[in-house]
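The structure appears right after this line, and notes come after that.
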Amino acid sequence: MKKLFTLLTVLSLSCALLCISGCEDSGDTVYVDEGRLVSDVVIDTSMEVFEGMTISIEGQGFESGDRMLLRAETDIEMETEVSASDALAFTLPEEIEDGHTYKFVLVRGDDYQVLGASTLTVKLVINVDLGGTISASWEGPAVIRGEGFRATDVLVLSQGDDSWEITPSEVDDLSLTFIVPAGVAEGESSFTLRRGTESQELGTADLFLSTSAVVPDKEGMTIKGIVHANGRGIADVLVSDGDLITRTDENGFYWLASEKRNALAFVILPSGYDVPTSKAMPQFWKPCTLDASTCEQLDFKLIPTQNDNHTMLVATDMHLANRNTPLDYVQFGDGFVKEITTTYNAAAGKVYMLNLGDFSWDLYWYSNKWALPECKAAIADFNFQVWSVMGNHDNDPYVANDFGAEVPYRQYMGPVYYAMNIGQIHYIMLDDTEYTNDGGSQGVIGDREYNRRFDAKQLAWLREELKYVDNKSTPIVVGAHCPLYNYSSINNVTTAVTNVSEVLSCFDGFTDVTFVTGHTHVNRNIQSPSFSNVYEQNVAAVCGTWWWTDQYAGINVCTDGSPAGYKIFTVNGTDFKWQYKGVGLPVERQFMTYDMNEVKSYWATNEKAQQAFDSGNLPNRRNDYSSVGDNEVYINVWAYEPGWDITVTENDRELEVSKVWKRDPLHTISYDIPRGVSNSLTFPSTYCPHMFSVTASSENSTLEISVTDRFGNVYSESMTRPKELDTSF
């Protein structure tokens, strides 16, 4: 006789009496208890399952001989085992169809009982847990947790355009074990399971790999490891902890008697190799996780590469802080990131980037919940390595000493000073900000002040590191945040870092040393007045004027009138050339022209300018160009440096070009004036050392302007006058 049972929706999975190996908690269950065949049974209304999966149901009153049917359009009868009166187990057959809703029907002789209904999602495997990271060794075993794996499955491991098909070495009820191929790199990896014609994406995880080599301990050594390519040791590679430097032996082994002051170790990349990359971050360093008295093994993987010819992008002062209108990271993504990824992610040659600091903005770390991890995420789509130094704004504002304030940087970005050989260029990244931050304490932001200097421990490390550069003609590029030098007037150079001579004397004997720096948000190129082998390129900011001018004028412009941008270094062997590139502008745009008749008229008649001048927020700015004569033209050559040539002709007559010490009109009308109407001025236009003047014979003549850089590139403009002053490039 058939019986009717009522289905009641009750209980949560936490009190579920149906035990399904590996099912997910749907939070929606059906409970039946009519006191007939069985009672106290709970069925999830949806389950993830796999073919051949054994399901165990708990309840009260099961008997030997009970059968289980899955009822949809047709009944599916399954092999059933009753091990006790409170449990029944059955195995899902191959006929199970994905997405169908089945009634679970218990049959005993002529009676039956509907225990519940569930929608089944059929997968190859369920409950896969990659754990976020997989730690293993090359050609060693690694484990993926999950249920339903088969020995005949194929695991596909993918990294970018590369993939490996791997036959599992072992499977059991709860895991799959595979051998990591020798050619796999550390970093983010995707995993897919293939079974015949079917496949299932398992997810992504970061691979942290070491070699199977065991580096023997040595007395007094606290860090050891191997530097290798595909698991084979490489001799004569330098490894450092930021205090000590050592070489690997013939096996690629190294040892350091480290005090672990910096809580990390890093490899000094040798020529002819690269390091793995994870979301644009070069994997050249590893953190120490044990105490200073305990020896730990930190291994480094290198990748043989041909990078003698490469492109090095130099960018600085991104100042991402989750602020401004539009939000800074939105401007950053829509402008700089979009341009860089479009141009360089699929570039044919090797591409790298130097990030010269102020990646973040310490003032907003805690209030806006935007610090170094969020900044890293903003460039994760770069398909090349970004090598970084820290700026003054990359320190923890809750800490009132330099070393302590650097801890988050070392945690998320790596060492604050280090070196690497990329091709035939020796790059050194240094830290020249000493963060004092008076008043800072946990939960309290200090004054965020700092000194511009290189500390003694860093200089000692630098002197030691340079001993390993055998060829003194090797081109050296040094990245740092704060500039070595400033202009105090049109031709007067002053030092900006207190111990410039101390750091530059480290490079005695080297013939070609280029410093690339940021911090100022302007373009300046300065030959060291005291060290003939040192040339500094101070690069303007990616953020322009701290992301303000897009709100006021629809453009991103720096305080010297340069467009927000970066430098492109094109390296061929030991020879390199460079150009400044404004974001959103063609590289052929290298200067801006101003018809000063129109500029002076704007200063005298523009309504907003008058409001700003009358506000008191721009003292004496009404007189910016009062000394400028009639028919003068200004030419702001953003990246001008010694060796450039500027020629201007009017009706085939060459005009005399002179350098002037003036503010840039475009920045003034894009920031100073609109902000000065109602606010005090925090980032005013600066006097720039790359402004030039000519005087035309009339107010409406056309000038032919030609600028030739030191590498022979010619940039030109036919300037039709009068030329209106507006907020555009």
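The values are calculated or read from the model by the stated rules, or taken from the named source; none is laboratory data. Remember, it's a predicted structure, so these values are computed and weren't measured experimentally. Cβ atoms come from the backbone with ideal geometry, glycine included; neighbour counts cover every protein chain shown.
A few notes on this one:
- Evaluation of residue 417 against the conditions (1) out of contact with any Pro (no Cβ under 6 Å at 6 or more places or on another chain); (2) in the same structural domain as residue 578 (by TED's automatic domain parsing) shows that the sole unmet condition is (2).
- Considering residues of the range 369-390 that are of a type in the set (Val, Ile, Thr) and within 10 Å of the chain's Cα centre (by Cα) only, the residue nearest to residue 419 (Cα to Cα): 386
- The range 276-292 - residue that is in a strand (DSSP E or B) and in contact with a Pro (Cβ under 9 Å, 6 or more places away or on another chain) and, of those, surrounded by the fewest Cβ atoms within 10 Å (Cβ to Cβ): 282
- The strands (runs of 3 or more DSSP E) located wholly in the range 198-248 that include 2 or more residues which are under 16 Å from residue 288 (Cα atoms) occupy 198-210, 223-229, 238-240.
- Just so you know, in the range 293-345 the residues that are among the β-branched types (Val, Ile, Thr) and in a strand (DSSP E or B) include one that is modelled with the lowest pLDDT, and it is 303.
- Residue match in the range 573-595 (condition: in the same structural domain as residue 504 (by TED's automatic domain parsing), touching a Leu at 6+ places or on another chain (Cβ under 6 Å), on the phi > 0 side of the Ramachandran plot and not basic (Lys, Arg)): no
- Of the residues 621, 675, 663, the single one that is buried (at least 17 other Cβ atoms within 10 Å of the Cβ), of a type in the set (D, E, K, R) and farther than 30 Å from residue 567 by Cβ is 621.
- If you filter the range 700-715 down to residues that are under 24 Å from residue 628 (Cα atoms) and of a type in the set (Gly, Ala, Ser), you find that the one that is surrounded by the most Cβ atoms within 10 Å (Cβ to Cβ) is 701.
- Residue check for residue 348: free of Cβ contacts under 8 Å to residues at least 24 places away in the same chain and either over 16 Å from the mean Cα position of the chain (by Cα) or surrounded by 23 or more Cβ atoms within 10 Å (Cβ to Cβ) (or both): yes
- Residue pairs whose Cβ atoms lie under 6 Å apart, separated by 6 or more positions or on different chains, with the first residue in the range 513-531 and touching a residue at least 24 places away in the same chain (Cβ under 8 Å) and the second outside any loop (DSSP other than H, G, I, E, B) and of a type in the set (D, E, K, R), are 515/536; 526/536.
- Within the range 547-580, tally of residues that are over 19 Å from residue 635 (Cβ atoms) and not in a loop (DSSP other than H, G, I, E, B): 16
- Residues of the range 344-383 that turn out to be farther than 23 Å from residue 398 by Cβ and in contact with a strand residue (DSSP E or B) (Cβ under 9 Å, 6 or more places away or on another chain), as a count: 15
- Single residue of the range 87-103 satisfying the filter (more than 46 Å from the chain's Cα centre (by Cα) and not in a strand (DSSP E or B)) that is surrounded by the fewest Cβ atoms within 10 Å (Cβ to Cβ): 94
- Any strands (runs of 3 or more DSSP E) falling wholly within the range 479-520 and containing at least 1 residues that are of a type in the set (A, V, I, L, M), modelled with pLDDT of 95 or more and outside the structural domain of residue 463 (by TED's automatic domain parsing): none
- The set of residues in the range 435-477 being surrounded by fewer than 18 Cβ atoms within 10 Å (Cβ to Cβ) and part of a strand (DSSP E or B) consists of 441, 444, 451.
- Within the range 70-115, the set of residues being among the acidic types (Asp, Glu) and closer than 13 Å to residue 55 by Cβ comprises 79, 81.
- Of everything listed in (1) part of a strand (DSSP E or B); (2) of a type in the set (Gly, Ala, Ser); (3) within 22 Å of residue 110 (Cα to Cα), the single unmet condition for residue 65 is (1).
- Here 587, 648 are screened, and the one residue that is buried (at least 21 other Cβ atoms within 10 Å of the Cβ) and either free of Cβ contacts under 8 Å to residues at least 60 places away in the same chain or not hydroxyl-bearing (Ser, Thr, Tyr) (or both) is 648.
- Candidate set from the range 249-260 (those that are touching a Gly at 6+ places or on another chain (Cβ under 7 Å) and in a loop (DSSP other than H, G, I, E, B)); member that is surrounded by the most Cβ atoms within 10 Å (Cβ to Cβ): 252
- Near pairs, Cβ below 6 angstrom, 6+ apart or cross-chain, from the range 447-466 (over 30 Å from residue 236 (Cα atoms)) to any residue that is among the aromatic types (Phe, Trp, Tyr): 450/435
- Within the range 683-699, considering residues that are assigned to a loop (DSSP other than H, G, I, E, B) and among the small types (Gly, Ala, Ser), the one surrounded by the most Cβ atoms within 10 Å (Cβ to Cβ): 685
- In the range 628-638, the count of residues that are farther than 19 Å from residue 723 by Cβ, of a type in the set (S, T, N, Q), in contact (Cβ under 8 Å) with a residue 12 or more places away in the chain and surrounded by 19 or more Cβ atoms within 10 Å (Cβ to Cβ) is zero.
- Residue list for the range 34-62, filter: touching a residue at least 24 places away in the same chain (Cβ under 8 Å) and either at positive phi or assigned to a loop (DSSP other than H, G, I, E, B) (or both): 34, 36, 37, 38, 45, 50, 51, 52, 53, 59, 61, 62
- Residue in the range 523-543 that is modelled with pLDDT of 95 or more, in a strand (DSSP E or B) and farther than 30 Å from residue 592 by Cα present: no
- Considering the range 153-172, the residues that are part of a loop (DSSP other than H, G, I, E, B) and out of contact with any Lys or Arg (no Cβ under 7 Å at 6 or more places or on another chain) include one that is farthest from residue 345 (Cα to Cα), namely 169.
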